[in-house]
Amino acid sequence: MSTTTAADLLERADLLTRTLREDDRPVTPARWAAFDHTTHRLLTELLGPHGTWIRDTRASHPLQTVIDHYPAPAQPLPGDDEPFTTASATDPHPLARLTCTLAVFADLMHQPDDIRADVLRSTAELSNVTARVLSITAVAARYTIANMPLQEAIPPLTVGRFAEDILTHLPTTPGERLEPGLRIVAAVTPSRPFLEADRLDLAIHRWDNATAESLAATIPCAEVLHTLATQGTHLYGVTARVYAQHDGSAVPVAFPAAVQSLARVDETWIHGLTTLTPPSHQFIAASRDLYEQLRRLDQQLTRDAETVEPEAVAAKLARAAHRISRHLCAAEQLPEQLIHSELMFAPARRLAPHPDRVTDHVRGRLTTVRAHDATELTSAWHAGITAARGATLAIDLSNSANRQPDGDSVACEPVEICR
């Protein structure tokens, strides 16, 4: 199994960009056009259509200039048989390999709004990543001009000049590693055989997909909501232990607070609460697998902590924490909505006595749950979601604090390779 994050792809793009300096193979207009289209699509995914993800709303901000004035990529001429909007994954040309990497990066950044909002939270983070992409673009443009007939070099010259001009005005933070948010977005490819250490990533990936599908049902299963709270309790508890071992410092109070608040949801959960929608087999299997992987990791931390790679495991748990937090936030109003719609039921003997429930109580039947029956539960539910948000934010802050200068990254100033 392999797990590829957006950060991995950008680092690979940096590496491939450096190899351009040692290559002098000719570049065709089609290869440049494929790169140009891909870069434009990537910048659109990063900044959003019309600059949706730019927090600084000033029209004069360089990021807004990127999205508004990037030179329009060339369009195929009528009758052209050679498509150039994509690069072939089997093309050994270095520019084609770079194009494919950036294309996968763009695909990975195409996420629902609730996920995308967590990836690059501030204008500063967005500026740093955009500067990396524009630096790669400027280097690729110079490489193309050096290996293309001059009469065909107008498009790369235009794009290269634009990228260099933006880089001179774009505020960045020198010496920073890739933004930790880029490690949240990941693609998991199951395969056999895979390492034991990869099982946690695979369990997280499968559980995330099964939970999203379950919550999207017309009438979501109540047990899915309950499992969200119990999985969150387990996850944040294990994460606290891993971060304590990794940092060697006091665990942020947000972790135990999340554990306690989500455990309170389990305590106040009404036994037998149901919407009459059963959980899917995929959700049950994925939940059991994730629980088992977290249990094994917890045991490993207790018995043989030296065998755990804290940094790698912490990155996996950070992705899991973001996913659980996202699902909790998406389901924040679900308990009240289901109750007010009279779609939540529980055994009458588990609820407060009421004249309307006498027959159901005597016969041991289900009855409709009213708002006053679940006051403690809904209060604990909202408190648990708030605490989960706080724990996820603590993870982000911890990742930001642990960033170190990266001397191998492509500089924001374009590299001179055209002789």
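Taken together, the values in this text are just the output of simple stated rules run on the coordinates, not laboratory data. Being a predicted model, the structure only gives us computed values, none of them experimental. All Cβ positions, glycine included, derive from the backbone under ideal geometry; neighbour counts span all protein chains shown.
Taking R0 as 51 Å, what FRET efficiency do you get between GLU376 and ALA124 from their Cβ-Cβ distance, rounded to the nearest 0.05?
0.75
Hey, could you pull the Cα Rg and Dmax for the range 192-401, both in Å?
18.7, 61
When every alpha-carbon pair in the range 223-336 is counted, what percent end up more than 22 Å apart?
36
Counting only other residues whose beta carbon sits under 12 Å from that of ASP360, what net charge do I get with K and R as +1, D and E as -1?
Taking every other residue near ASP360 into account, the sum is +4.
Only counting other Cβ atoms within 10 Å, I'd like HIS40, HIS340, HIS322 sorted with the fewest neighbours first.
Lowest count first: HIS340, HIS40, HIS322.
Let me check I've understood the local charge: for LEU377, count other residues with C-beta under 15 angstrom from its C-beta, Lys and Arg +1, Asp and Glu -1. What total comes out?
Net charge in that neighbourhood comes out at -4.
Just rank TYR236, TYR70, TYR291, TYR243, fewest to most, by other beta-carbon atoms within 10 angstrom.
Sorted ascending by nearby Cβ count, the order is TYR291, TYR70, TYR243, TYR236.
What's the whole-number percent of alpha carbon pairs in the range 212-286 lying beyond 22 angstrom?
For the range 212-286, the fraction of Cα-Cα distances above 22 Å is 37 percent.
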